[in-house]
Amino acid sequence: MTQILDPLMIIALALNFVTLGVSRIRGVINAVALQGILLGILPLFVHPEIGVRGVLLVLVTICLKGIVIPRFLFHAMREVNIQHEVRPVVSYMSSILLGAVGTGLAMVFSYTLPLAEEHTNLLLVPASLSTVWTGFLMLTTRQKAIMQVLGYLLLENGIFLFSLLLLKAMPLLVEIGVLLDLFTAVFVMGIIIHHISREFASISTEHLTELKE
């Protein structure tokens, strides 16, 4: 299992750095979509015996994370006519450095956790913590609403990745509920993006301070 999972986790970590270092929104959406598809197939390798329930989770995850939500964000990007994040709060190089520091700390911290023996030597936990950190950076250092939505998606990807360790203990309804919550949150964020773009010339969230009741 390690021979398969660790390379997949390395790809997921590399996609984190892509999202932190790319200003083109389309490229970030593609990276998050690819990571979503990657996470979608992971249950098959972490728990080969998951059966029909697990296969259903895999299909729903891939459809939502890899197809439905990215298409929704591409549509939002075209509607507001925005292609780049020009002025992030933290520069792209600094974001990459912060991402690298967070990834290193995640690896150190993961070794202190009381994990099951079969999960001790996997990169699953460090990758999940690093992805959560990357999502947090995106949420706090990007000004465009679409980029912040992508940060939320990365944050959820990290939580989903960690939850794979507990897949056998999670009922199917809870698993699907998490994915539906994700879809609902992105839908609401899309409405916010629409209203920001309708009221202002851009979708930078800094304009929210100008709104009055």
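Values computed for the structure shown
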item	result
Residue that is modelled with the lowest pLDDT, among those in the stretch 14-66 that are hydrophobic (A, V, I, L, M, F, W, C) and in contact with a Pro (Cβ under 8 Å, 6 or more places away or on another chain)	Ile50
Some residue of the stretch 78-91 being part of a helix (DSSP H, G or I), among the acidic types (Asp, Glu) and in contact (Cβ under 8 Å) with a residue 40 or more places away in the chain	yes
In the stretch 61-76, residue surrounded by the most Cβ atoms within 10 Å (Cβ to Cβ) [restricted to those that are under 16 Å from the mean Cα position of the chain (by Cα) and over 30 Å from Ser94 (Cβ atoms)]	Thr61
All positions within the stretch 130-145 that are surrounded by 22 or more Cβ atoms within 10 Å (Cβ to Cβ) and aliphatic (A, V, I, L, M)	Leu137, Met138, Ala145
Pair list, Cβ < 8 Å and 6+ apart or interchain, from the stretch 129-144 residues that are in a strand (DSSP E or B) to residues that are crowded, with 20+ Cβ neighbours inside 10 Å	Lys144/Ile25; Lys144/Ile82; Lys144/Glu85; Lys144/Ile203
Single residue of the stretch 8-29 satisfying the filter (within 13 Å of the chain's Cα centre (by Cα) and of a type in the set (S, T, N, Q)) that is farthest from Pro126 (Cα to Cα)	Thr19
Unmet requirement for Leu113, which otherwise passes all of (1) part of a loop (DSSP other than H, G, I, E, B); (2) aliphatic (A, V, I, L, M); (3) surrounded by 17 or more Cβ atoms within 10 Å (Cβ to Cβ)	(3)
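The values are calculated or read from the model by the stated rules, or taken from the named source; none is laboratory data. This structure is a prediction, so every number in the text was calculated from the model and none was measured. Glycine gets a Cβ as well: all are built from the backbone with ideal geometry, and neighbour counts include every protein chain shown.
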